[in-house]
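Below is one structure, written out as structure tokens, with a few remarks after it.
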Amino acid sequence: MAKTYALEVDSGGIPVPQYENAGATDTEAMKGTNGAIYAGGDEAHDAADDGNPIKIGGKAANSAPTAVSAGDRVNAYFDLSGRLVVLVDQAIDTELPAAAALADGTANPTAPTVGAAELLYNGATFDRKRGNLQGALLASAARAETQTGADQTNYNGRGLHIILDVTAITDTPSIVLKIQGKSASGVYYDLLEGVAVTGTGTHIYKVMPWATAEANVAVADMLPRTWRVVVTHADADSITYSVDFAIDN
């Protein structure tokens, strides 16, 4: 048999809408102050979500809300003007890389590259594009034995000048300058070999696609990625010289 409860009425004798409480021990008014009808979910803010909650409304605050456990029910977060607030806790990712000095051998970028630097792909990494370059391979000094220069890297040059400048000799020295390329497997091969130099003076050797070929002086050929200079001494007599280079694009 259904349980019965006393009917509640307001001050004017009008019945008040009621509902049975959770413990099924009595009834409670459905209307509150000013005749408003209560409507609420099963669980409070920060309680584990359960049942069929009415998820409307929110809570105004002027500071970030306190963190709750995953899966908990929460209040919607509004500012003091009643506007819904969405907070972004992480810094916004601008997709721009951190500033860094330009360098050769830069890895393939994982973020947009920003700047005016031109990069050239070398088959594995990127290098800065060069303009015309020049430098010293062997500083001026008295020598009496063969000199094998270090490997040089050609980034984007096409033409090469080698400048051999002999400033002093003792007795009868003789040297031969050779320009060599280097293959990917490490094999050195001759690009140009000069004639024997036995006295003072300046000698220019050219490797460039547009050169007019001249035996022992100029060759119409490309400058490979890796190259070097070898100066072979025929005897132990002293000879003072320097070796410089200039690369043209």
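FYI, it's all coordinate maths here, none of it is from the lab. What you are looking at is a predicted structure, and each value in this text was computed from that prediction instead of being measured. So basically every Cβ, Gly included, is an ideal-geometry build from the backbone, and we count neighbours across all protein chains shown.
Local charge for Ala236 was computed over the other residues whose Cβ lies under 12 Å away, with Lys and Arg +1 and Asp and Glu -1, and equals -3. Residues of segment 182-204 falling in the label zone of Thr172, defined by backbone nitrogen less than 13 Å from a point 7 Å along Cα to beta-carbon, are 198-199.
Counting neighbouring Cβ atoms within 10 Å and putting the fewest first, the residues Trp227, Trp210 line up as Trp210, Trp227. Give, as a single signed number, the net charge of other residues whose beta carbon lies under 10 Å from the beta carbon of Val219, with Lys and Arg counted +1 and Asp and Glu -1. Within the 10 Å Cβ shell, the charges total -3.
Other residues lying with their Cβ under 14 Å from the Cβ of Val187 contribute a combined charge of +1, Lys and Arg counting +1, Asp and Glu -1. Segment 204-223 and segment 117-177 have Cα centres separated by 15 Å. Annotation: average projected area of segment 133-248 is 6.7 square nanometres, based on the convex hull of Cα atoms across all directions. Based on the Cβ-Cβ distance of Thr240 and Thr153, what FRET efficiency does E = 1/(1 + (r/R0)^6) give at R0 = 30 Å, to the nearest 0.05? Computed FRET efficiency for Thr240 and Thr153: 0.60. Were the residues from Leu102 through Gln134 laid out at 0.36 nm apart, the gain over their Cα-Cα distance would be 9.5 nm.
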